[in-house]
Amino acid sequence: MAETTEPILEVRGLVKHYPLASGILFKKQVGAVKAVDGVDFELARGETLGIVGESGCGKSTVAKMLVNLEKPTAGEIRYKGEDITRLSGRALKAVRRNIQMVFQDPYTSLNPRMTVGDIIQEAYDIHPEVAPKGDRRGRVQHLLDVVGLNPEYINRYPHQFSGGQRQRIGIARGLALRPEIIVADEPVSALDVSVQAQVINLMSRLQDEFDLSYVFIAHDLSIVRHISDRVGVMYLGRIVETGRDAEIYDHPTHPYTQALLSAVPVPDPEAREHRERIILAGDVPSPTNIPSGCRFRTRCWKARERCALEVPALAVPAEFRDVSGPAAHDSACHFAETLPMWRSAPGKVVPPETEGEGNGSGPG
Ligand SMILES: Nc1ncnc2c1ncn2[C@@H]1O[C@H](COP(=O)(O)OP(=O)(O)O)[C@@H](O)[C@H]1O
Ligand code: SF4
Ligand SMILES: [Mg+2]
């Protein structure tokens, strides 16, 4: 679990704008796709930060910048205090080894012409210092075992495995260099629901075993619930609400999070009764043309004049600043509030009469 020491990763003002050009001979920049437009977060050692948002909100772009597959337009990515966006050469290589990625689609992210052994072992060609040549096959077999695959499958090809098994191979590849941080970009989204939980459980176990910190990306809040210590909700290139697991799931104050959560099935029938599905109006605006003020305002049922004029900061809203309850967490909304359906809902599976008994948290 998270310690209150210096974060292992600290992201400040992270921006990625892809220029839009027009003209055939003389290209002229006419705008930009603002894929990521000012993202801040911290990751503590051993912690899992869930990043959630609809398709197109910039999650993969954030992930790619964290592992240096994309260069930020602006902002800092501090790994143990050092801004890695400014590193190059050997220093960059050393850092990259410690931050590895697990990709979304296990069907396309594994080279079909390579054996599983070669896929996992490839990392040692770039970082030979991690494993001496004679030692590599043994290491790969051990990794297969660690992710729950038969080490004897080392010479098989990706198509000989199921989707879940392929994602285990992707995870083994991510672990090969013994990184400290794994950025998992929708690692279970392409898998059957029945397999998703197995892969998430595997990742949880590996986190303890290898002392890993995770940035775990998903488009659905229900997927990250069981693995995240904290969650950041993204909308159009920015994090609009962030907090500890219980703060986000049981006391969301941003209308966008509330809408996303209202669509998540609730197992407890009593809690379910209090919930109403919030249907958002309209579509997500284009990232080339982000609304003024609050970027969520074109779909927000609470939007007022102030929302078009003033950008809401991602901070504890004024009305919650003096209360030390779970509603007091960062939310980028001028009119942040908890909704009755969450205020009265018991949250999780604790019925109201017994809430606070034995779980040490007390009624909110
Ligand atoms: N290389 C690129 N060039 C231009 N636009 C891009 C590029 N990569 C992503 N985008 C755009 O940036 C936005 C965010 O994309 P992405 O980070 O993949 O979102 P997500 O992973 O949340 O679905 C989308 O509108 C996408 O079309
Ligand atoms: S600032 Fe305004 S538009 Fe934005 S989420 Fe809050 S109420 Fe809605
Ligand atoms: Mg993506």
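Just so it is clear, none of the values below were taken in a lab; they were calculated from the coordinates. Just so we're clear, the structure is a prediction, and the values are computed from it rather than from any experiment. When we count neighbours, we look across all protein chains shown, and the Cβ atoms used for this are built from the backbone with ideal geometry, even at glycine.
Grab the beta carbon distance between S55 and E6, set R0 = 35 Å, and tell me the FRET efficiency rounded to 0.05. Don't skip to the answer; put the middle values down first.
Details: r = 34 Å, r/R0 = 0.96.
The value I calculate is 0.55.
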The stretch 1-95: which trypsin sites (Lys or Arg not before Pro) are DSSP loop and have at most 12 other beta-carbon atoms within 10 angstrom? K27
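State whether the stretch 301-343 is rounded, prolate or oblate according to the following rule on the C-alpha gyration tensor (a ≥ b ≥ c being the square roots of its eigenvalues): a/c under 1.5 gives rounded; otherwise a/b larger than b/c gives prolate, and the remaining case gives oblate.
Values: a/c = 2.75, a/b = 1.42, b/c = 1.94.
It is oblate, given that a/c is not under 1.5 and a/b is not larger than b/c.
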Connecting C-alpha atoms closer than 10 Å in a GNM of the chain, tell me which of R96, R306, R244 has the biggest fluctuation. R306
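Per DSSP H run of at least 4 residues, take -39500 (n - 2.57); add these up for the chain, divide by its residues and hand me the 222 nm value, nearest 500 deg cm²/dmol.
Details: 12 runs with 104 residues, N = 364.
So the helix-based figure for the chain works out to -8000 deg cm²/dmol.
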For E129 and S162, extending 7 Å from Cα along the Cα-Cβ vector and measuring point to point gives, in nm, a value of 4.1
At what distance in nm do the modelled label points of L309 and H226 sit from each other, each positioned 7 Å from its Cα along Cα→Cβ? 4.8
Cut-off of 10 Å, at most 13 other beta carbons, DSSP loop: longest stretch of the chain lacking such chymotrypsin sites (Phe, Trp or Tyr not before Pro): 108-300
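Among rounded, prolate and oblate, which fits the chain when a ≥ b ≥ c are the square roots of the eigenvalues of its C-alpha gyration tensor, a/c under 1.5 means rounded, and a/b larger than b/c means prolate?
Numbers: a/c = 1.86, a/b = 1.32, b/c = 1.41.
Because a/c hits 1.5 or more and a/b fails to exceed b/c, the chain counts as oblate.
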Helix 193-210: angle to the longest alpha-carbon principal axis of the chain, degrees 0 to 90, nearest 10? 70
Please list, in order along the stretch 99-116, the HN-Hα scalar couplings obtained from phi with the Karplus expression 6.51 cos²θ - 1.76 cosθ + 1.60 (θ = phi - 60°), rounded to whole Hz, x for Gly and Pro. 10, 10, 10, 10, 8, 5, 9, x, 7, 9, 8, 10, 4, x, 8, 9, 6, 4
Under the definition of Cα pairs under 8 Å and six or more residues apart, what whole-number percent is the relative contact order of the chain? 17
Output wanted: per-residue J couplings in Hz (rounded whole) for the stretch 43-50, from phi through Karplus 6.51 cos²θ - 1.76 cosθ + 1.60, θ = phi - 60°, x for Gly and Pro. 10, 8, 4, x, 9, 10, 9, x
Collect residues whose amide H, placed 1.01 Å from N in the peptide plane, falls under 5 Å from the amide H of M101; neighbours closer than 5 in sequence don't count. V183
The chain: longest segment with zero exposed GluC sites (Glu not before Pro), where exposed means DSSP loop plus at most 12 other C-beta atoms within 10 Å, is residues 130-275
How much net charge surrounds C307 when only the other residues with a Cβ under 12 Å from the Cβ of C307 are counted, with Lys and Arg +1 and Asp and Glu -1? +4
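Assuming R0 = 22 Å, can you tell me the calculated FRET efficiency for the pair N289 and S22, based on Cβ-Cβ distance, to the nearest 0.05?
On the way: r = 15 Å, r/R0 = 0.69.
FRET efficiency, N289 to S22: 0.90.
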Please identify, among A176, A313, A336, the residue showing maximal mean-square fluctuation in a Gaussian network model of the chain using a 10 angstrom Cα cutoff. A313
Suppose every Lys and Arg Cβ carries +1 and every Asp and Glu Cβ carries -1, with no other charges. What dipole size does the chain come out with about its Cα centre, to the nearest 20 debye? 1640
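May I ask which of K16/K80; K28/K64; K27/K93; K28/K71 have a Cα-Cα span longer than 32 Å here? Walk me through the numbers before you get to the answer.
Details: K16/K80 22 Å; K28/K64 26 Å; K27/K93 34 Å; K28/K71 21 Å.
Beyond 32 Å: K27/K93.
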For T48, other-chain or 5+-apart residues with amide H closer than 5 Å (H placed, Pro excluded) are Y214, D229, R230
Name the long-range amide H neighbours of V240: under 5 Å, sequence gap of 5 or more, or other chain; modelled H, no Pro or chain starts. V233, M234, Y235
In the chain, with Lys and Arg counted as +1 and Asp and Glu as -1 at Cβ, which of these residues, I248, I227, M65, has the Cα nearest the positive end of the dipole, that is, farthest along it? M65
Phi angles of the stretch 166-175, converted by Karplus (6.51 cos²θ - 1.76 cosθ + 1.60, θ = phi - 60°) into ³J(HN,Hα) in whole Hz with x for Gly and Pro, give 5, 5, 4, 5, x, 6, 4, 4, x, 8
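Which shape class applies to the stretch 93-133: rounded if a/c is under 1.5, otherwise prolate when a/b exceeds b/c and oblate if not, where a ≥ b ≥ c are the square roots of the Cα gyration tensor eigenvalues? Don't skip to the end; give the middle numbers.
Values: a/c = 3.44, a/b = 1.35, b/c = 2.55.
The shape class here is oblate.
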